[in-house]
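Each remark here refers to the structure printed beneath this line.
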Amino acid sequence: VALKVGVIGVGVIGQDHIRRLTTVLSGAEVVAVTDTDAARARDVAAQYGIATVHATGEELIASVDVQAVLVGSWGPTHQQYVLAAIAAGKPVFCEKPLATTREACLSIVEAEVAYGRRLVQVGFMRHYDPAYRAVKDVLEAGELGNVLMAHCVHRNASVTHSWTSDMLLNDAGLHEFDILRWLFDDDIVATQVLKVRQNADAPAGLDDPLLVLMQFRKGGWANVEVTMNSHYGYDVRTEIVCDRGTVALPETESAVVKVNGQRSFRVSADWRERFIIAYDIEIQEWVNAATAGTATGPSAWDGYLATAGAEAAIKSLNTGALELLDVQERPSFYA
Ligand code: NAD
Ligand code: ISE
């Protein structure tokens, strides 16, 4: 019997997840949607044959027809919906960020711990990307020794004028705070953000690009370039430097063409194209776990630490200094 899913927020990623739940994955059926843009919710429901359009997220979560909740609305709305899902005892997949402040994330962590069983999975899809998983497998095999450094790149082709400098850190950069903790198998203790000469095509006032440094508890360091106006495409790169070698994401997932003295390959247009397989695996694993009455993958604790990292980075953007992450002890629940 298919898991009955309700989706809150049917913008770009909400619709993309509905598409994959409906036409790609197995074991789930989208039975309800809601969006503050009611006309959009009605259009999406009609397009995918979804039975019910709810007036609010709370109404959707409370519905007896909804067994599991997917939150794809704007970041500032995540806390209220994830808390409501936990209160209802329903598995919830929440797109990143888990919530936009450390305190809001902590309230979710505390609610889940009090509930006594994992219900929350956070949308850090890179954990499901075959290339990132291959890098993680190499690191875990141990032949390369300890992780010392990482050199990373996170480039988007372009952004709208609504983008602010903070978003390079708590929207795009958030993934880096999460995935580097996972790859280093270590917590980030401090971060520093360096401003770079502004890209000539970035909107006035947008600090683009930024260089983000992260210091790890065991002494490792990572540097991450975050660029929002690469022009040429969406490009995510990571090279991990270890005692006895390095391991990196491949330059491309596409075919490499050599002709007329040139070598070339396609660069992804955006995150939807680059991480399409990762999103499919991520949401399928969420459906499987929710059907089994549990949650796996990136947890509320991971969401809390990523937001804490981004918050410290925003502080550093303003002070120019190395800023310590201000975080709680990890509850044994998330060991
Ligand atoms: P979007 O603006 O296209 O869609 C957001 C939708 O939420 C809109 O339809 C909006 O009307 C709706 N909404 C806003 N407030 C609401 C509320 N209170 N209740 C219900 N609906 C509400 O944005 P998007 O690009 O789809 O991003 C949505 C979320 O997904 C963000 O948190 C973003 O960071 C995340 N995201 C994650 C990835 C990823 O790679 N994992 C990629 C893109 C976006
Ligand atoms: C977007 O919200 C994402 O999460 C993408 O993964 C990221 O690369 C992009 O910069 C964000 O805007």
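The values are calculated or read from the model by the stated rules, or taken from the named source; none is laboratory data. Everything numeric here is computed off the predicted structure, so don't read it as measured data. Every residue, glycine as well, gets a Cβ built from its backbone with ideal geometry; the counts of neighbours run over all protein chains shown. Surface accessibility is based on the protein's heavy atoms, side chains included, excluding ligands, DNA and RNA. Shrake-Rupley method; radii C 1.70, N 1.55, O 1.52, S 1.80 Å.
Here is a list of conditions, (1) in a loop (DSSP other than H, G, I, E, B); (2) open to solvent by 20 Å² or more (accessible area, probe 1.4 Å); (3) in contact (Cβ under 8 Å) with a residue 12 or more places away in the chain, and Trp182 meets all of them except one; can you say which number that is?
(1)
Among the residues of the stretch 64-84, is there at least one that is surrounded by fewer than 19 Cβ atoms within 10 Å (Cβ to Cβ), closer than 16 Å to Ile8 by Cα and more than 16 Å from ligand 1 (Cβ to nearest atom)?
Checking the stretch 64-84: at least one residue is surrounded by fewer than 19 Cβ atoms within 10 Å (Cβ to Cβ), closer than 16 Å to Ile8 by Cα and more than 16 Å from ligand 1 (Cβ to nearest atom).
Do you know which of the residues in the stretch 1-24 that are in a loop (DSSP other than H, G, I, E, B) and open to solvent by 30 Å² or more (accessible area, probe 1.4 Å) is farthest from ligand 2 (Cβ to nearest atom)? Give the derivation first.
Of the residues in the stretch 1-24, the ones in a loop (DSSP other than H, G, I, E, B) are 1-2, 9-11, 24.
Still in the running and open to solvent by 30 Å² or more (accessible area, probe 1.4 Å): 1-2, 24.
Values: Val1: 32, Ala2: 28, Val24: 19 Å.
Step by step, filter the stretch 1-24, then rank; the result is Val1.
Pairs please, first residue from the stretch 31-48 and modelled with pLDDT of 95 or more, second anywhere and among the charged types (D, E, K, R) and assigned to a strand (DSSP E or B), Cβ atoms under 9 Å, 6+ apart in sequence or on different chains.
These pairs meet every condition: Val31/Lys4; Ala32/Lys4.
Does Asp270 satisfy the criteria of being modelled with pLDDT of 95 or more, more than 30 Å from Gly142 (Cβ to Cβ), surrounded by fewer than 14 Cβ atoms within 10 Å (Cβ to Cβ) and under 18 Å from the mean Cα position of the chain (by Cα)? So that I can check it myself, show each step before the final result.
Working: modelled with pLDDT of 95 or more: yes; more than 30 Å from Gly142 (Cβ to Cβ): yes; surrounded by fewer than 14 Cβ atoms within 10 Å (Cβ to Cβ): yes; under 18 Å from the mean Cα position of the chain (by Cα): yes.
Yes: the conditions hold for Asp270.
Filter the stretch 189-227 down to the residues that are among the polar types (S, T, N, Q) and open to solvent by 40 Å² or more (accessible area, probe 1.4 Å), then identify the one that is nearest to the chain's Cα centre (by Cα).
So the first thing to find is which residues in the stretch 189-227 are among the polar types (S, T, N, Q), and the list is 191-192, 198-199, 215, 223, 227.
If we keep only those that are open to solvent by 40 Å² or more (accessible area, probe 1.4 Å) as well, we get 192, 198, 215, 223.
Values: Gln192: 21, Gln198: 26, Gln215: 21, Asn223: 19 Å.
For the stretch 189-227, the residue satisfying everything is Asn223.
Could you go through the stretch 115-125 and let me know if any residue there is buried (at least 16 other Cβ atoms within 10 Å of the Cβ), aromatic (Phe, Trp, Tyr) and either in a helix (DSSP H, G or I) or at pLDDT 95 or above (or both). Break it down into steps so the answer makes sense when it comes.
Taking the stretch 115-125 and keeping what is buried (at least 16 other Cβ atoms within 10 Å of the Cβ), we get 118-125.
Still in the running and aromatic (Phe, Trp, Tyr): 124.
Still in the list and also either in a helix (DSSP H, G or I) or at pLDDT 95 or above (or both): 124.
Yes, the stretch 115-125 contains a residue that is buried (at least 16 other Cβ atoms within 10 Å of the Cβ), aromatic (Phe, Trp, Tyr) and either in a helix (DSSP H, G or I) or at pLDDT 95 or above (or both).
Being farther than 19 Å from Thr294 by Cβ and either outside any loop (DSSP other than H, G, I, E, B) or open to solvent by 20 Å² or more (accessible area, probe 1.4 Å) (or both) is the filter here, so list the residues in the stretch 50-62 that pass it. Lay out the reasoning, then the answer.
Applying the first criterion (farther than 19 Å from Thr294 by Cβ) to the stretch 50-62 yields 50-60, 62.
Those that are farther than 19 Å from Thr294 by Cβ and either outside any loop (DSSP other than H, G, I, E, B) or open to solvent by 20 Å² or more (accessible area, probe 1.4 Å) (or both): Ala51, Thr52, Val53, His54, Ala55, Thr56, Gly57, Glu58, Glu59, Leu60, Ala62.
Name the single residue, out of those in the stretch 228-247 being open to solvent by 50 Å² or more (accessible area, probe 1.4 Å) and either in contact with a helix residue (DSSP H, G or I) (Cβ under 9 Å, 6 or more places away or on another chain) or not polar (S, T, N, Q) (or both), that is nearest to ligand 2 (Cβ to nearest atom). Don't jump to the end; show me each part of the working.
So in the stretch 228-247, the residues open to solvent by 50 Å² or more (accessible area, probe 1.4 Å) come out as 231-232, 237, 239, 243-244, 246.
Now narrow it down to the ones that are either in contact with a helix residue (DSSP H, G or I) (Cβ under 9 Å, 6 or more places away or on another chain) or not polar (S, T, N, Q) (or both): 231-232, 237, 239, 243-244.
Details: His231: 15, Tyr232: 15, Arg237: 12, Glu239: 18, Asp243: 30, Arg244: 31 Å.
Taking the candidates together, the pick is Arg237.
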